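Below is one structure, written out as structure tokens, with a few remarks after it.
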Amino acid sequence: MDAGHAAGLGPGWRVLGAIGCISYAALAIVAGLDREALDDLQRPAVLDWPYAVAAQFAATKTAIAQHDAPQAVAHAVTLVRHDPMESRAISLLGLALGDAHQLDQANSAFALAARLGWRDPVTQRYWFAQFLRAGDVRHAALRLDALLRQTPDLPDGKALLRAMLVYNEGRDAIAERLKGNPGWSGQFVSQLAGLDEDDLVARADVVERTGPGHWQCNDIPELITASLARGLFDEARTVHRTVCGGADGLINDGDFNHLSSGVGISMLDWNLTGRGDMVILVNPAPLYGHMLSMSLSAPSTVMAVRQMTVAGPGDYRLTWRMPDTSPAQANGFLVSFDCTGDQAAAINGTRQAGSDPLYEARFVVPANCPVPTLRFWLLPNQPVNVANVRLSRVTG
């Protein structure tokens, strides 16, 4: 490895070094090498058979697990003599030599294992740790990508990713690997259990750096929901805008075009109430993209549609169109924009002058409501069409 790589990382690397993250991560990665090896080649055999390769594997792994370095080295040497072109045997020798504190010899063993092929996970882990320790994030990302392509559900995959994502250069390197649409890209945005706030911020940042075209809207609800739950409102919005696109407004999909395609199922998209007494259809609206055609047969008012926003406190103006809807029917449509979800806060819109059926409502969102939700409410037996929904902040 070129030691100059470490010097090129700039402030991100210096900060990382200050807090000791790389040292901790590298130790954890190397500590996991023996566990990786112990899971491999579980084949019984008679130990004293001269060509009992599987038995030597078992004996070597047992000695490594028991931290018996001399026995591990002895068995590993025998194993390599039996099968000198087997990269997994050579990587076990590298582990044994490492436990015996013969670090130069261990490094030589892993170098040979790498030349024989990169499919061995123990070798991948070793060089991931070595490249990361040297600050060569590009090659570290290559090794981590290979590990995750082999095993997308790698038990310690989150820890390995965290070691990369704690600084900017690592995020760039992982984003570059994700642009190749590897098999683990779905897990990156969906398997989030156990991640803390910093982890979620890092993953949202990587999604933005990776850019559009690598995930679908239906891939990201878990990341958006987890971000919102931690109060990471900007990150949630960034993930949604990067993946789902759309106009730069305070609400998403105001013309219901995404909804018409069946995409968009996060809290920042339109969520329809599923009730047998309510009919909600997405129909074409020539002037406005699409419209919601809604009717309710229940005996009382029901919330029909909702979308959470990250608009925050302030004064807002909501407008919408109601094509092919009479003024009397329009009175059966109510809107609210708050954090309570209380039907009592729902109001009718005021029809604006002119022949175009444009309606308006004003809302004041208080300071204790950082993520107000827009809700549509329906009165019974008043079918309506709603299109061209827009939310804007009132200034001055």
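Coordinate-derived values only; no laboratory data. Only a predicted model underlies this, so the values are computations on that prediction, with no experimental measurement involved. Every residue, glycine among them, receives a Cβ derived from its backbone with ideal geometry; neighbour counts consider all protein chains shown.
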For the range 214-345, what is one quarter of the convex hull surface built on the Cα atoms, given in nm²? 9.3 nm²
Full-extension gain in nm, residue 326 to residue 277, via 0.36 nm per residue minus C-alpha separation: 15.4 nm
Hz values of 3J(HN,Hα) by residue in the range 313-325 - Karplus curve (6.51, -1.76, 1.60), Gly and Pro given as x: x, x, 9, 9, 10, 10, 10, 7, 9, 9, x, 6, 10
Note: residue 153 to residue 104 extended length (0.36 nm per residue) minus current alpha-carbon separation gives 14.4 nm
Taking the dipole about the Cα centre of the range 271-393, with the C-beta of Lys and Arg at +1 and of Asp and Glu at -1, give me whichever of 273, 343, 314 is farthest to the positive side. 314
Show the residues, 5+ positions off or on another chain, whose built amide H is closer than 5 Å to the amide H of residue 251. 391
Amide H of residue 358: which non-local residues (sequence gap of 5 or more, or other chain) have their own amide H closer than 5 Å, using H built in the peptide plane? 352
